[in-house]
Each structure stands twice: as structure tokens, then as C-alpha cells.
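Here is the structure we will look at.
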Amino acid sequence: MSKDPVAPAGFRIAVASGKGGTGKTTVATSLAMVLAEAALPAPVVYVDCDVEEPNGHIYLHPQRTHCREATILVPHIDTERCDLCGVCADVCRFSAIVPLPQEMLLFPQRCHGCGGCTLACPRDAISEVPRPIGTVERGTTDTAHWMQGLLNIGEPMAPPLIRALLQDIPKGHIAVLDAPPGTSCPVVTTVRDADAVLLVTEPTPFGLHDLRLAVDMVRELRRPVGVVVNRAGSGDEGVYSYCRDAGVPILMEIPDGRDIAQQGAHGEPLVRTRPELVPHFRRLYDQLRDLAQVPPLVAMSAAPASTGAVDVPEATSLSAPMPLEPVPGAAPRKEPLPELAVISGKGGAGKTSITASLVSLAGRSVIADCDVDAADLHLLLRPRIRHRAPFSGGSVAVLDAALCTSCGTCYQRCRMGAIVPPAHASDPYQVDSTACEGCGVCVDGCPSGALSLQPSVNGERFVSDTDFGLMVHARLGVAEENSGKLVSWVRGEAARRVTTLDAFHVSDGPPGIGCPVIAALTGVRFALIVTEPSMSGIHDLRRALELCRQLGVSAGICINKADISPALSAQIEAEAQTLQVPVLQRIRFDPAVTQAQIHAQPVVLFSQGPAAEDIRSLWQRVQEHLT
């Protein structure tokens, strides 16, 4: 283990993954434990930045010592001063203030806390008040220090809480940041200032697809990056070939093992189950320190990753409506068929594999893939794209260096950390587009007119054919936000198709409980929550059920890999009975599921094994709840 001194600012390692369920938290907690026991020249702190579904405490068993409420500043209007001029609504780019004839209507959960309305009000009628969004917690474990953020259920935006959490990290510490899954704004907020990034993947087509997205995201942020391959030996060689061709070093492999899965389900840290891995984690730290000294490569591609589809036509106009094509002779329905949303409190529970199998059993379907940040459903359904178009869900500040006087007004007004000061006083300021939320506060205050807001292309949207029906899907661009808006487009387009097509309507939802999931669940009649028998699965299931309750969505539960821990499966069923939520099916662990992924098929078409049999039973029960 290297004894090099740690800089006064500390050293931050972000552990991330393109999707959930790859073992990211398993790796992050074990890395923090090993480093804390290694007598390094600085204290070690594990920081759980997956604020929607933090699970690190399940492995580390911390004693909480501090808890503070995290807030975001939102406007408060003094009705005696307000003359209803509407300037505040004009400058708000998020529609958090709406003018009515007799009042200014506030929508606090839409507010990004930019302060633009307060600065713009000509009557000084707007002040700012704190609105709680979650908590920042600290504590100690037997080894490392521990911190986590916990987002309030129903709160759409995770980045403000992640920023508050990162600001509380003590200076001079070695911090292991357990990032959220995916490649959108919560991950970017976590990874942006890390000294090195460790991506955890698995050797499957799902793992490869999401690793590509994650590598592009990290390179867009110009961070050094290495890879850990979890469950090595359980899949194919695609991940290894990609890393070799892309110049991404594989720093460590973790073997596949049922004992690891079973012990991990009960909260046993990986390095306690497999102590022979401790030296590998020690070397991993030295490798990451070495990577941090090497200038990182830039992103391989600025475009969204491949959708995995074939026969791609030219993109349609951004404003052109995508044509409706009803089934010949089918009469339009007065009411759309009930929509089934398949969600999971966390990624990696098997949600997408189960969705693909349900679609293949249903026959003719309209499929909405709402997991726009790390979409994998296309890998199993192999869509043939009919129409594609860019998606623009917001704006980004653009600076004209020739007009910039380096006055610093933009830097002083920006609360998002998106304005980068120059190295020399005479140089122009710069805009970090990955941090910009398009609030326009810098634009409104620039005295020289050097800044403007320009529409940002956040991704692509698609309508495709599959062997099982029509598929509406999208791909959020690397390091982009507005995933909730893109999810809303996917659902809306799918709903329009269902009104004219005699088809089963299913949505593959995003993981977590934040903005994308809220957009995927709002207005849904019934949600199928896929969970697994683990302490983390139970924790995330509880939060997903509470979100469904808040949104008025009926829910049923499917326990995937139920026989990994019969005791925890029984606990899930007992809690579900208390909450009067039906458990629709137990699905047995079956290696054929991974093999079906490798062969790009839904498991019910690939195998006649136990998982396929259980999913067929699940489909019968799902239909009973939709009719």
C-alpha cells in the first residue's frame, strides 16, 4: 500500500456504474473498509451519494452521530408588496411561478433555487425561504467514517441534496463516493470533482451497453477512469474487448459466486465473505492514485449511445409529429387500455428482463421504455426504428468570449457552479455545460450581453417496430438532465398509440424514486414492483411502495431470485401482507436469465426453465389486476 501523503484537499474516489445492480455499493463499501484498516495518512469516509436509494448503511452498520435537514431556497411572495407585474414568472425558466389574475401561483417542487425571481422583482416583494428536500447524516463504523444523503420521498430533484452532502465532507479525508446509477445529472453532480472514477460492470450485454455510456460520461467530465468487473466468468467477453479497444484499464475482477450473493443479501460485506480479496482492494487504491496523475482522455463520442437497433432512417424534424399507424380495421378506443408500469426501487433487480418476457407473452403490445438514462430493453426486443428525432428539454448558457469583460457578475449570481472563473483576470469566464441547469440567472444579469440561453439537445427519441408490437423509447444524452421531461414524452407518445391500437400497454420504468420515476408513475393505475430478497432490496421496496402510495398508484410485488434467501422472501411477503399489497409471484434463481441476455432474447422464449415458468404464472396474475 502506497504511503504517499494525501493532499490537504483529500482524495475523492467516485464508484459508479451505468446501471444499478452491478455491485457498485458492494465494491464501494469494501473499498472504504479496506482503506480504513490500512493505516493510510488520512481518515477514510464512505459517502453514499445514491440519495434516492442509499444502501451502504446495510453493509457498514454505522452509528449515526449527526443528522441535519438539507433545504433548497424557494421564493416567498409578500402579497402586500406584489403588484402582479409578472416579471418573476417571465424570468423563471422552470414554470415554478405562474401568474393568475389575482395572485402569483407558486409550485415549490419545480423550483431549482436559482434565485432569479428574487433578483428580478422590481418591488422587492420576493424573499427566499428554505424548503426541506432530505437529510444529510453522518456517523461512524467499526472502520471508516460514514455519510449519506436521504432524499424525501416525492422530492423530484436529487442534485441539490448531493451537493449539500459533498459540501459536508471533511477536508483532508480520503472519500469513497458511492454514486447513483446511470449517466444523468445526479451522477454528474457526484463525479464532476472526483480525483478518480471507478466503474463497476458485469460481463453481460446489459453491463457492456451501460459501461459504454458511463465511460463516455466520465470522459465528458475529463475524469480518470478504471473498471472493476464483477461476477467475472458469468457472462461473455464483450466487456473485456471493449475496455481493451477503448483504452480503459480493468483494475480488478470479482468472481461470480452464489455465496457472495447470499451473504450480500443479508448485509455481509464482500471482504468479509471473501477475505482473499483484501489485497486486491489495497492495490486498487494505488492504481487509482496512479490514474489520477495521468491526463484523462476526452469522451469517445458526444452523441447518445447506440440504441442497438438496425435499419435506422434519417432523423425527422424536431418539430414534426410522428405519424400514427393504427391496425387496419381497428376501431379507435374511447378509453386507452390500462397501463402497466414495471418499476423497482433499485436497478439490477431484473425489472427489464421481466418486462421483456411479459411483453413477449402478451402478444401485440405498445411498449414504453421509460428508463431513458440507462435503457436496456432494446437489447432484448431488438427494435427496428421507424422514426427518430432529437429531443430538446431545456436550455444551456452560452458565452461569447469576444463580448465578455470578465466582470464576474455571472460567477457571483450562479448557484449551480456552472460558471468557471478564468485563470487570469483578463481572460473571459467559461460555462460548464454539464453543471448548467438553464436557469438564465447569468444571462439576465450580464451587463455586456455576452451570455445567452440556447436550446440544448438532451438526447434522441424513437418509435420502433419489434416482434411484439410498437416500441416508444429514447436515449438521454451523456451528462444531460431533463430525464423527467423525456420520460413524459415517451409515455405520452405511447399513450397516443394505445388509443388507436388494440394492444397491451406496458412501461419499463426507471430505478429509484426521483423525477424520472415520478414522471413514469403519475396517472398509472397499477405498478408491478420487482424486488429481490436482500436487505437492500427490502429497503428500496419500502421507498417505492411509499412513492406509489403518495401518487395514488395501486401496486403488486414480484420477488425475483426468491430462493437466494427464502427467509428474506418470507419477510417481504409478511410486510406486504401487513400493507395489503399483493405478492404476485416468486421467481426462482435461474442461470438461463443471463444466458438469455447474452443471446438477446426474453427468457420465456429462450428457456423452459424455472424462471420462465414463474414469469408465465406472473403474467396470468398481472392480467387479473389490469382487468
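The values are calculated or read from the model by the stated rules, or taken from the named source; none is laboratory data. On a predicted model such as this, the values are computed, not experimentally measured, just so you know. Cβ placement follows ideal geometry from the backbone for every residue including glycine, while neighbour counts extend to all protein chains displayed.
Out of the residues in region 193-228 meeting the condition of being without any contact (Cβ under 8 Å) to a residue 60 or more places away in the chain and within 20 Å of the chain's Cα centre (by Cα), tell me which one is farthest from residue 417 (Cα to Cα).
Only one residue tops the list, namely 208.
Please work out which one of (1) crowded, with 24+ Cβ neighbours inside 10 Å; (2) at pLDDT below 95 is the condition residue 41 fails and give its number.
Evaluating residue 41 over (1) crowded, with 24+ Cβ neighbours inside 10 Å; (2) at pLDDT below 95 leaves (1) as the failure.
With a cut-off of at least 1 residues that are surrounded by fewer than 21 Cβ atoms within 10 Å (Cβ to Cβ), name the strands (runs of 3 or more DSSP E) lying wholly within region 171-252.
Ranges flagged: 225-232.
Out of curiosity, is residue 368 buried (at least 16 other Cβ atoms within 10 Å of the Cβ), within 24 Å of the chain's Cα centre (by Cα), modelled with pLDDT under 90 and not hydroxyl-bearing (Ser, Thr, Tyr)?
In short, no.
Please specify each residue of region 492-516 satisfying the condition of being modelled with pLDDT of 95 or more and either part of a helix (DSSP H, G or I) or of a type in the set (Lys, Arg) (or both).
Residues satisfying the conditions do not exist here.
Going through region 447-490 one residue at a time, which ones are basic (Lys, Arg), within 15 Å of the chain's Cα centre (by Cα) and assigned to a strand (DSSP E or B)?
Result: 475, single match.
Only one residue in 96, 38, 28 is among the small types (Gly, Ala, Ser) and either touching a Cys at 6+ places or on another chain (Cβ under 6 Å) or assigned by TED's automatic domain parsing to the domain that holds residue 379 (or both), so which one is that?
Every option except 96 fails the conditions.
Do you know which residues across region 553-591 are surrounded by 16 or more Cβ atoms within 10 Å (Cβ to Cβ), among the aliphatic types (A, V, I, L, M) and part of a helix (DSSP H, G or I)?
Of everything in region 553-591, those that are surrounded by 16 or more Cβ atoms within 10 Å (Cβ to Cβ), among the aliphatic types (A, V, I, L, M) and part of a helix (DSSP H, G or I) turn out to be 562, 564, 568, 572, 576.
Out of everything in region 532-546 that is under 17 Å from the mean Cα position of the chain (by Cα) and buried (at least 24 other Cβ atoms within 10 Å of the Cβ), what residue ends up being farthest from residue 589 (Cα to Cα)?
544
Taking into account only those residues within region 551-602 that are in contact with a Lys or Arg (Cβ under 7 Å, 6 or more places away or on another chain) and polar (S, T, N, Q), which is nearest to residue 376 (Cα to Cα)?
Here the residue is 585.
Checking the condition of a type outside the set (Val, Ile, Thr), within 12 Å of residue 345 (Cβ to Cβ), touching a residue at least 60 places away in the same chain (Cβ under 8 Å) and in the same structural domain as residue 367 (by TED's automatic domain parsing), which residue from 511, 516, 533 passes?
One residue alone meets the criteria, 511.
List every residue pair whose Cβ atoms lie under 9 Å apart, where the two residues are 6 or more positions apart in sequence or sit on different chains, the first residue falls within region 109-128 and is under 28 Å from residue 484 (Cα atoms) and in contact (Cβ under 8 Å) with a residue 60 or more places away in the chain, and the second residue, located anywhere, is surrounded by fewer than 22 Cβ atoms within 10 Å (Cβ to Cβ) and among the aromatic types (Phe, Trp, Tyr).
112/94; 114/94
Do we have any residue at all in region 429-444 that's closer than 29 Å to residue 545 by Cβ, surrounded by fewer than 24 Cβ atoms within 10 Å (Cβ to Cβ) and aliphatic (A, V, I, L, M)?
Checking region 429-444: not a single residue is closer than 29 Å to residue 545 by Cβ, surrounded by fewer than 24 Cβ atoms within 10 Å (Cβ to Cβ) and aliphatic (A, V, I, L, M).
Residues in region 200-212: is at least one under 30 Å from residue 39 (Cα atoms), touching an Asp or Glu at 6+ places or on another chain (Cβ under 8 Å) and modelled with pLDDT of 95 or more?
Yes, that holds for at least one residue.
Is it true that residue 137 is of a type in the set (D, E, K, R), assigned to a loop (DSSP other than H, G, I, E, B) and buried (at least 20 other Cβ atoms within 10 Å of the Cβ)?
No: the conditions fail for residue 137.
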